[in-house]
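K.L.:
Provided herewith is a single structure, encoded as structure tokens, for subsequent inquiry.
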Amino acid sequence: GPDAPANIVDFTDLPVMVERSQADLQANFLAGEQHAPFSNLPEEELWPALDYVRTFSFDLAAPKSDGVVTGQVINATTGQPVADLEVTLHGFQNNAEIANLTAQTDGSGRFTFENVPTEHSILYMVEGEYQDVVYVSDEPGIFTPDSAETTLELKVYEPTTEAEGINITQLHYLLSFTPDAVNAVQIFVVGNDSDRTYIGQNGQTFPFSIPGGATDVRFENDPAGVRFVETADGYADTEPIGPGAEGQSIVAVYDIPFDDDTLTVDLPLPADTAALNVLMSNQGATLNSDQVQFVEKRQVQGSEFSIYNGDSLAKGDTLALRLSGLDDLEFDTAPMMPGATAAAPPVDQNLILYIIIG
């Protein structure tokens, strides 16, 4: 800053920095009063901080922006190209959007984006709205080291209000426990066997229920809080369901309080369900059900879970999970601050991903 001495080392000066090792930087930081915040860092944090200081002297070349992204929009219902459609190209690097360009498709449904950065770490996707439904490309586009051109394809579909092709391809149910409640994560992977996007009736596409008595209901993939609406029988999704085995996913999180040694969790199934699995944390409870069978115990991110599988459940069936041994549950006994109360463990998004992959 403005109060720095005149002879202070400029960390952006490469000729100066190449003469100093990381050990030199460490010695100077520990000796200088100006660096008191650094001298208070524990050893395991000091070295990464000094590694970051070293990057100030790197002379990084500006990314080339001579790339070309081309592609075509196809109506996958009719097999015909879609002309005069506005499409948007999004570029992402390190989870941040660094490019946002728009173009119009020509008479053959083709689009072109020029002067695009060609760094290989950038992932590109194209987006377009057709018949009031937003679609994105299935696969990301990247630039290979020996090419300045990449291609993306965008599929759109005709809409339908007929729900005959809607089904549940996968149902995942995760159970863990606190002293007075079951923590549940309920994941529907909704499929669409037709060649059209199901837009639903009256703005609702997939009605579903949650077990009776559930509290603190929330949805993990609804950041704006407007996607899911409450109904007389539970909830309903409002997002269109595109064709394919994974046309949509719904992740509901809630608690089911209990005050007895046993509890039956009943989950009505809103559509035919091809496959389901239940993961229950091994904290002393026992699970019995006529619809799932025990498969194995498995370690997931340091916790042990019992895995149960089932399949071929019909629309209107109720998944019934009978839990017992709730009076003898085991919990982490780590010390707590005086006056603190036990809280439910946060929902781990990586764990949910591992469940879906499994």
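K.L.:
Somewhere in region 306-324, is a residue assigned to a loop (DSSP other than H, G, I, E, B) and either polar (S, T, N, Q) or in contact with a His (Cβ under 7 Å, 6 or more places away or on another chain) (or both)?
P.N.:
Checking region 306-324: not a single residue is assigned to a loop (DSSP other than H, G, I, E, B) and either polar (S, T, N, Q) or in contact with a His (Cβ under 7 Å, 6 or more places away or on another chain) (or both).
K.L.:
When you check Tyr135 against the structure, is it buried (at least 20 other Cβ atoms within 10 Å of the Cβ), aromatic (Phe, Trp, Tyr), over 18 Å from Tyr198 (Cβ atoms) and under 26 Å from the mean Cα position of the chain (by Cα), yes or no?
P.N.:
Taking the combined requirement at face value, the residue does not satisfy it.
K.L.:
Every residue in region 149-163 that is among the polar types (S, T, N, Q) and either under 23 Å from the mean Cα position of the chain (by Cα) or farther than 10 Å from Ile199 by Cα (or both), please.
P.N.:
Thr150, Thr151
K.L.:
Next question. Exactly one of these conditions fails for Thr77: (1) in contact with a Lys or Arg (Cβ under 7 Å, 6 or more places away or on another chain); (2) at pLDDT below 85; (3) of a type in the set (Ser, Thr, Tyr). Give me its number.
P.N.:
Going through (1) in contact with a Lys or Arg (Cβ under 7 Å, 6 or more places away or on another chain); (2) at pLDDT below 85; (3) of a type in the set (Ser, Thr, Tyr) one by one, Thr77 breaks only (2).
K.L.:
For Ala181, are the conditions met, namely being in contact with an Asp or Glu (Cβ under 7 Å, 6 or more places away or on another chain) and among the aliphatic types (A, V, I, L, M)?
P.N.:
yes
K.L.:
Could you grab the pairs with beta carbons closer than 9 Å, sequence gap of 6+ or different chains, first residue in region 232-256 and modelled with pLDDT under 95, second one of a type in the set (D, E, K, R) and open to solvent by less than 10 Å² (accessible area, probe 1.4 Å)?
P.N.:
What qualifies is Gln248/Asp237; Ile250/Asp237.
K.L.:
Show the residue pairs meeting these rules: Cβ distance below 7 Å; 6+ apart or different chains; first residue within region 262-286 and within 23 Å of Ser249 (Cα to Cα) and of a type in the set (Asp, Glu); second residue open to solvent by 40 Å² or more (accessible area, probe 1.4 Å) and not in a strand (DSSP E or B).
P.N.:
Asp266/Gly212; Asp272/Ala314; Asp272/Lys315
K.L.:
Quick one: is Tyr308 crowded, with 16+ Cβ neighbours inside 10 Å, farther than 18 Å from Glu330 by Cβ, hydroxyl-bearing (Ser, Thr, Tyr) and more than 22 Å from the chain's Cα centre (by Cα)?
P.N.:
Answer is yes for this residue.
K.L.:
Among the residues of region 158-173, write down those that are hydrophobic (A, V, I, L, M, F, W, C), open to solvent by 20 Å² or more (accessible area, probe 1.4 Å) and part of a strand (DSSP E or B).
P.N.:
Matches in region 158-173: Ile166 only.
K.L.:
Restricting attention to region 106-117, and to residues there that are open to solvent by less than 90 Å² (accessible area, probe 1.4 Å) and either over 13 Å from Thr151 (Cα atoms) or touching a Pro at 6+ places or on another chain (Cβ under 7 Å) (or both), which single residue is modelled with the lowest pLDDT?
P.N.:
The selected residue is Pro117.
K.L.:
If you check every pair at least six apart or on different chains, which have Cβ atoms under 6 Å apart with a residue in region 107-118 that is among the aromatic types (Phe, Trp, Tyr) first and a residue that is assigned to a loop (DSSP other than H, G, I, E, B) second?
P.N.:
Phe111/Thr105
K.L.:
In addition: Looking at the structure I just gave you, is Asp266 modelled with pLDDT of 90 or more and either within 25 Å of Ser306 (Cβ to Cβ) or not hydroxyl-bearing (Ser, Thr, Tyr) (or both)?
P.N.:
For Asp266, the condition - modelled with pLDDT of 90 or more and either within 25 Å of Ser306 (Cβ to Cβ) or not hydroxyl-bearing (Ser, Thr, Tyr) (or both) - is met.
K.L.:
How do the pairs read when you match residues in region 74-86 that are over 12 Å from Ser108 (Cβ atoms) with residues anywhere that are crowded, with 17+ Cβ neighbours inside 10 Å and among the charged types (D, E, K, R), using Cβ under 6 Å and keeping only pairs 6 or more apart or on different chains?
P.N.:
Ala76/Lys155; Thr77/Arg196
K.L.:
Considering only residues that are open to solvent by 70 Å² or more (accessible area, probe 1.4 Å) and outside any strand (DSSP E or B), which ones fall in region 81-105?
P.N.:
Asp84, Asn94, Asn95 - these are the residues of region 81-105 that are open to solvent by 70 Å² or more (accessible area, probe 1.4 Å) and outside any strand (DSSP E or B).
K.L.:
Residues that are surrounded by 20 or more Cβ atoms within 10 Å (Cβ to Cβ) and in contact with a Leu (Cβ under 9 Å, 6 or more places away or on another chain), at least 3 per element: which strands (runs of 3 or more DSSP E) completely within region 186-291 meet that?
P.N.:
Qualifying strands (runs of 3 or more DSSP E): 273-281.
The values are calculated or read from the model by the stated rules, or taken from the named source; none is laboratory data. Since this is a predicted model, take the numbers as computed values, not measurements. FYI the Cβ positions are ideal-geometry reconstructions off the backbone, even for glycines, and counts take in every protein chain you see. When the accessible area is computed, the model is the full protein with side chains, heavy atoms only, and any ligands, DNA or RNA have been set aside. Shrake-Rupley method; radii C 1.70, N 1.55, O 1.52, S 1.80 Å.
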